[in-house]
Amino acid sequence: MLASKVVCQKRSGAVLQRVAHRRAWINRRIHGAAFAAILVLAACSTKPLIPYSADTPPLALVEVSQAGVQDKRARFREIYCAVLEARGPALPDYRPCEDALTRVGAEPAGTGAPVDLAQSGRHLIAAVVPGIGYDCFKPWLNHPNTVAQHLRRYGYDAIMLDVDGLSGSANNARQIRDAVMAMQEPMGAARLVLIGYSKGAADILEAVVAYPEIRSRVAAVVSAAGAVGGSPLANDAEQYEADMLRHFPGAACHSGDGGAVESLRPTTRRAWMAKNPLPRDLKYYSLVTFPQPERISTILKSSYEKLSRIDARNDSQVIFYDQVVPDSVLMGYVNADHWALAVPVARTHTTIASLFVTQNAYPREALTEAILRFVEEDIASPEM
């Protein structure tokens, strides 16, 4: 243990030396404390990521079919590939379909059914709940809402639901409830697709359990790189480290109830899932980030390697099996790291992207369209 600690310290020193000459211009773009928070959260540690504890529900790691999960990756691939082919290089960060998705195990054969790329008949709305600290760095990110602009061309739409980036999931579930109930009640079938990114998935699951009044307004729930089972990285983090995100340039976020990190700990998430069966009157979908190792951005490699002490099949923040909602439909495995899926740093901060967030480019507009087209088709099927 002592030897590994020395190695860790040497690695940390080497990393700090390499970035020292870049800190001057970084401080002009990211306040020093905020950048320090990134380094702290990604730092190496000799502590076990999953400490010994008997205070846990009984667990079993099983194949998705044994967890009540329906494997519909083949159909999602058909839809996503059709969207990418039709929209092509006109969309930002275009990738061929084979590079956009990861094939994991024996993926089922495609259905061969045609893909309807016409105007949406249901006019679904993607209501995205972001991850930890998003309201802190949102002003700095300063990206145009190109996903919503793209979706509106085809009869869909997208909105962001504001939640406290540094609060726990119970607090944010109430905020989701209030936001949904403040919307005009739909005429006819529900149109709202709640998409939870990272911690946002846990916030949404708590909302649909705690507030049954919102369910009639929700067409479906999607976990996108969701921390459904939490992240072992949260076991080695403290809330004060996340709280440093308040020092991002232009950040107007506050500490909230201080429960964000606790909400991401695996024991917290699994205990909550064990005590709170998900309502059966909603349909759930899981979109998992499963990047090839070379698709991990430079700044995320340390957290990827740290999490790899448990399982190398992670996106730098969450292990692939911890992203799946029980009894959901498995849509696919995305070849992107955790940030690339939903945080478009590279589009507005090209210098930082070229040095640190090196694998951030991903066709999010096409992906979101494919998600909504898949959900629209799937919820219309007789099995629902």
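The values are calculated or read from the model by the stated rules, or taken from the named source; none is laboratory data. Since the structure is predicted, the reported quantities are computational estimates derived from the model, not experimental observations. Note that we place each Cβ from the backbone using ideal geometry, even for glycine, and neighbour counts take in every protein chain shown.
Quick notes on this structure:
- If only residues of segment 306-323 that are in contact (Cβ under 8 Å) with a residue 40 or more places away in the chain and of a type in the set (Asp, Glu) are counted, the one that is farthest from LYS72 (Cα to Cα) is ASP315.
- Test result for MET244, modelled with pLDDT under 95 and crowded, with 19+ Cβ neighbours inside 10 Å: yes
- Positions within segment 236-273 being among the aromatic types (Phe, Trp, Tyr) and either closer than 25 Å to ALA210 by Cβ or without any contact (Cβ under 8 Å) to a residue 12 or more places away in the chain (or both), in sequence order: TYR240, TRP272
- Residue that is farthest from the chain's Cα centre (by Cα), among those in segment 310-319 that are buried (at least 22 other Cβ atoms within 10 Å of the Cβ) and in a loop (DSSP other than H, G, I, E, B): SER316
- Filter result for the condition that a residue is without any contact (Cβ under 8 Å) to a residue 60 or more places away in the chain and polar (S, T, N, Q), over SER223, SER216: SER216
- Candidates in segment 85-99 are the residues that are in contact with a Phe, Trp or Tyr (Cβ under 7 Å, 6 or more places away or on another chain) and part of a helix (DSSP H, G or I); of these, the one that is farthest from ASP337 (Cα to Cα) is GLY88.
- Single residue of VAL64, VAL104, VAL69, VAL128 found to be touching a strand residue (DSSP E or B) at 6+ places or on another chain (Cβ under 9 Å), within 30 Å of CYS253 (Cα to Cα) and surrounded by 13 or more Cβ atoms within 10 Å (Cβ to Cβ): VAL128
- Residue within segment 192-211 that is touching a strand residue (DSSP E or B) at 6+ places or on another chain (Cβ under 9 Å), basic (Lys, Arg) and at pLDDT below 95 present: no
- One residue from ARG347, ARG373 being at pLDDT 95 or above, in contact with an Asp or Glu (Cβ under 9 Å, 6 or more places away or on another chain) and assigned to a helix (DSSP H, G or I): ARG373
- Within segment 264-284, being buried (at least 17 other Cβ atoms within 10 Å of the Cβ) and either part of a strand (DSSP E or B) or basic (Lys, Arg) (or both) holds for ARG265, ARG269, ARG270, LYS283, TYR284.
- Pair list, Cβ under 7 Å, 6 or more apart: segment 178-192 residue touching a residue at least 40 places away in the same chain (Cβ under 8 Å) and surrounded by 10 or more Cβ atoms within 10 Å (Cβ to Cβ), other residue among the charged types (D, E, K, R) and outside any loop (DSSP other than H, G, I, E, B): VAL180/ARG217; LEU192/ARG217
- The set of residues in segment 285-309 being part of a loop (DSSP other than H, G, I, E, B) and in contact with a helix residue (DSSP H, G or I) (Cβ under 6 Å, 6 or more places away or on another chain) consists of PHE290, ILE296.
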